[in-house]
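Since the structure comes first, as structure tokens, the remarks are kept for the end.
The values are calculated or read from the model by the stated rules, or taken from the named source; none is laboratory data. The model shown is predicted, which means the values in this text are computed figures rather than measured ones. Positions of Cβ are generated from backbone atoms using ideal geometry, with glycine treated the same way; all protein chains shown enter the neighbour counts. The area values use the complete protein model at the heavy-atom level, side chains included, leaving out ligands, DNA and RNA. Shrake-Rupley method; radii C 1.70, N 1.55, O 1.52, S 1.80 Å.
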Amino acid sequence: MPPVFPMLTVLSMFYYMCLRRRARTATRGEMNSRRAIESNTRALPINVEIVQYAKEVLDFSSHYGSENSMSYTMWNLAGIPNVYPSSGDFTQTAVFRTYGTWWDRCPSARLPFKRTPSTFCSQDYVELAFEEPVYPTAVHILETYHPGAVVRILACSANPYSQNPPAEVRWEVLWSEAPTKVNGPQARQFTPCIKQINFPTNLIRLEVNSSLLDYYTELDAVVLHGVKERPVLSLKTSMIDMNDIDEDEDEEKFACGMDALNKQFSIVTLREWPTNGYFDKLPYELIQLILSHLTVPDLCRLAQTCKLLYQHCCDPLQYIHLSLQPYWARINDTSLEHLQSRCTLIQWLNLSWTGNRGAISVSGFSRFLKVCGSELVCLELSCGHFLNETCLEVITEMCPNLQELNLSSCDKIPPQAFNHIAKVGSLKRLILYRTKVEQTALLSILNFCSELQHLSLGSCVMIEDYDLIASMMGAKCKKLRSLDLWRCKNITESGIAELASGCQLLEELDLGWCPTLQSSTGCFTNLARKLPNLQKLFLTANRSVCDTDIEELAANCTHLRQLDILGTRMVSPASLRKLLESCKDLSLLDVSFCSQIDNRVVLELNANFPNVFIKKSFTQ
């Protein structure tokens, strides 16, 4: 019988090598539970842990609040807690713009991009700067209302307070998980198990997905724990999963920076296999269809296998739809350059969240559009802080067929740059939420872009006279189906009358937090009578909405699906019953802080109209 000891010796050596690899890298942190090591891992006590709250909010994609106040804004995340451990709806917290799936069910909803990986589910983000760069040991998120929205936490290698920006900016995922439904809206301290990284950071990014929430999530503060020196780990390991080694190596190759993705884009060396299996016997179109289900990185990997699949994977027909938003941390000028030859037929392009902190230059973006912009129909650029006037000029010159343009939260674009958009007369959708567009430029856009069907002007604070804007819409934009005027400060009954008379195809209208509209002028009654196709109407925080307005909606807008009358004191339960009986398609009714609608009334309405989600917010 052959001896078994030599085999045991080999296994022991391999086991020892695994442990050495763990100790050497020291960047994994605590492993994912599905392939975890049962270990007693602790940092040697040579570092004092630093605990710090966010010093500053650097960037974010949206917020519920106004640009000119602190209520419900992302800026509330800076500093010590204002509310925690209390639960409820408080103005001193940070709140994103949307929740649930209601915005995906509106006439203005956009179709999702193809090839979006199932692992990417982020909808919004906020970036926080801390005083001291540390190696993170824990991140505490204080959630005070409807928790459960945070799906990803990232750390950045760049120090926002450094005078010398780094040559390369790295983002590392500390924790990630799919959206989960949390039972109850009560406050909690969320402390996920984060992995260790090999660089100090004082820039943390939270990404959220609110699709499973019953109401707006509210965040109060973020606490970063960390040490100044990189921890030295002592490993006492009792069991290790061998599959973990290969999986971690693959993750490193895929996610350790922009170079990995760029190498995949630019690879030209192909392995020589004796045959292509049976793929070369399939019709070209069938192979194309099969490959259309792959994500972009998988497509780039597959291109390395053989010449036949390389040809298919680089075919411009595979890049008609291209969303680079899931890979925002790794996209730069080099990425766009490598993609140029594959994107000559591209029609839908999503570059949202990409290019910040110098990753994409104006010249790199311009070169890409000059090669790939001629067929573009849809261009998503939300939170693209590299964009300037030159970029908008290139878009209008190189994209003659453009129908949809999203510049949401592109707050670095100067006001005069928006004049260029008027040259794109084919536009049907234009998103200018939280931009610095001014009145003159907007009037020009409305005058020349008469095909507009969807327009978002939410939180555009530099427009001086919304009545004039509404009048121009009524005269020129007869095809308008959705309009977002969230937090416009100066529209009156005059502008509403012009809008309702000229844009009678409107199906969605957001007039939330528009304080100059008063029900006593008849403006809401006029809306109800002139816009019978309304499916969504937000009159959020308008204290003057009354029974007459609700009854007019019940009589004239029977297709209504979503109504927000948060904060009114003038609506009674009787008028709501009439509305619910008349509007059979109604699915969302927000009566939070409506003084005449108490919890007893909500329970009664829920019992009689079970298909309607009736929301009643509270404060403790």
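Results, tabulated for the structure shown:
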quantity	calculated
Members of segment 485-507 found to be assigned to a helix (DSSP H, G or I), open to solvent by less than 50 Å² (accessible area, probe 1.4 Å) and either out of contact with any Phe, Trp or Tyr (no Cβ under 9 Å at 6 or more places or on another chain) or at positive phi (or both), listed by number	Ala497, Leu499, Ala500, Gly502
Residue tally, condition open to solvent by 30 Å² or more (accessible area, probe 1.4 Å), in contact with an Asp or Glu (Cβ under 9 Å, 6 or more places away or on another chain) and over 21 Å from Ala94 (Cβ atoms), over segment 182-219	5
Among the candidates Leu299, Leu270, residue that is over 28 Å from Ile360 (Cα atoms) and modelled with pLDDT under 95	Leu270
Scope segment 399-458; condition closer than 17 Å to Met473 by Cα, of a type in the set (S, T, N, Q) and part of a helix (DSSP H, G or I); matching residues	Asn419, Gln439, Thr440, Ser444, Asn447
Boolean, Val571 is more than 32 Å from the chain's Cα centre (by Cα), open to solvent by less than 10 Å² (accessible area, probe 1.4 Å) and over 28 Å from Thr144 (Cα atoms)	yes
Meets criteria (touching a strand residue (DSSP E or B) at 6+ places or on another chain (Cβ under 7 Å), within 20 Å of Asp214 (Cα to Cα) and modelled with pLDDT under 95) for Pro179	yes
Complete set of residues in segment 77-98 that are within 30 Å of Tyr135 (Cβ to Cβ) and either open to solvent by 10 Å² or more (accessible area, probe 1.4 Å) or acidic (Asp, Glu) (or both)	Ala78, Gly79, Ile80, Pro81, Asn82, Val83, Tyr84, Pro85
Leading residue by the ranking (nearest to Phe609 (Cα to Cα)) among those in segment 574-599 that are more than 29 Å from the chain's Cα centre (by Cα) and open to solvent by less than 30 Å² (accessible area, probe 1.4 Å)	Leu580
Single unsatisfied condition, Val173 versus (1) assigned to a strand (DSSP E or B); (2) touching a Pro at 6+ places or on another chain (Cβ under 9 Å)	(2)
Matching residues, segment 294-307, being open to solvent by 30 Å² or more (accessible area, probe 1.4 Å) and of a type outside the set (Ser, Thr, Tyr)	Leu294, Asp298, Arg301, Leu302, Gln304, Lys307
One residue from Ser69, Ser162 being part of a loop (DSSP other than H, G, I, E, B), closer than 22 Å to Leu511 by Cβ and out of contact with any Phe, Trp or Tyr (no Cβ under 6 Å at 6 or more places or on another chain)	Ser69
Unique match (being assigned to a helix (DSSP H, G or I) and either more than 22 Å from Cys106 (Cα to Cα) or at pLDDT below 95 (or both)) among Ser520, Ser544	Ser520
Scope segment 61-70; condition open to solvent by less than 40 Å² (accessible area, probe 1.4 Å) and not hydroxyl-bearing (Ser, Thr, Tyr); matching residues	His63, Gly65
Flag for Thr73 being under 30 Å from Gly226 (Cβ atoms), crowded, with 19+ Cβ neighbours inside 10 Å and in contact with a Leu (Cβ under 8 Å, 6 or more places away or on another chain)	no
Residue within segment 354-366 that is under 30 Å from Asn164 (Cβ atoms), in a helix (DSSP H, G or I) and of a type outside the set (Gly, Ala, Ser) present	yes
Residue match in segment 143-159 (condition: modelled with pLDDT under 95 and among the hydroxyl-bearing types (Ser, Thr, Tyr))	no
Residue in segment 437-484 that is most open to solvent (accessible area, probe 1.4 Å), counting only those that are free of Cβ contacts under 8 Å to residues at least 60 places away in the same chain and among the hydroxyl-bearing types (Ser, Thr, Tyr)	Thr440
Cβ-Cβ under 8 Å pairs, at least 6 apart or on other chains, segment 46-63 side touching a residue at least 40 places away in the same chain (Cβ under 8 Å), far side aliphatic (A, V, I, L, M) and assigned to a loop (DSSP other than H, G, I, E, B)	Ile46/Val232; Tyr53/Ala78; Tyr53/Ile80; Ala54/Ala78; Lys55/Ala78; Glu56/Ala78; Val57/Ala78
Total residues in segment 367-378, condition crowded, with 17+ Cβ neighbours inside 10 Å and closer than 29 Å to Pro160 by Cα	1
Residues of segment 111-150 classified as more than 21 Å from Pro179 (Cα to Cα) and open to solvent by 20 Å² or more (accessible area, probe 1.4 Å), total	5
Residues of segment 603-620 classified as open to solvent by 10 Å² or more (accessible area, probe 1.4 Å) and part of a helix (DSSP H, G or I), total	5
Members of segment 570-600 found to be at pLDDT 95 or above and assigned to a helix (DSSP H, G or I), listed by number	Pro573, Ala574, Ser575, Leu576, Arg577, Lys578, Leu579, Leu580, Glu581, Ser582
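This table checks each residue for (1) closer than 21 Å to Thr116 by Cα; (2) without any contact (Cβ under 8 Å) to a residue 40 or more places away in the chain; (3) assigned by the TED database to the domain that holds His63; (4) open to solvent by less than 20 Å² (accessible area, probe 1.4 Å).
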position: Cys343; (1), (2), (3), (4): yes, yes, no, yes
position: Ile346; (1), (2), (3), (4): yes, yes, no, yes
position: Asn350; (1), (2), (3), (4): yes, no, no, yes
position: Ala359; (1), (2), (3), (4): no, no, no, no
position: Val362; (1), (2), (3), (4): no, yes, no, no
position: Gly384; (1), (2), (3), (4): yes, yes, no, yes
position: Asn388; (1), (2), (3), (4): no, yes, no, no
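Here is a yes/no grid of residues against (1) in a helix (DSSP H, G or I); (2) among the aliphatic types (A, V, I, L, M):
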| residue | (1), (2) |
| --- | --- |
| Leu294 | no, yes |
| Pro297 | yes, no |
| Arg301 | yes, no |
| Thr305 | no, no |
| Tyr310 | yes, no |
| Leu317 | yes, yes |
| Leu322 | no, yes |
| Trp328 | yes, no |
| Thr334 | yes, no |
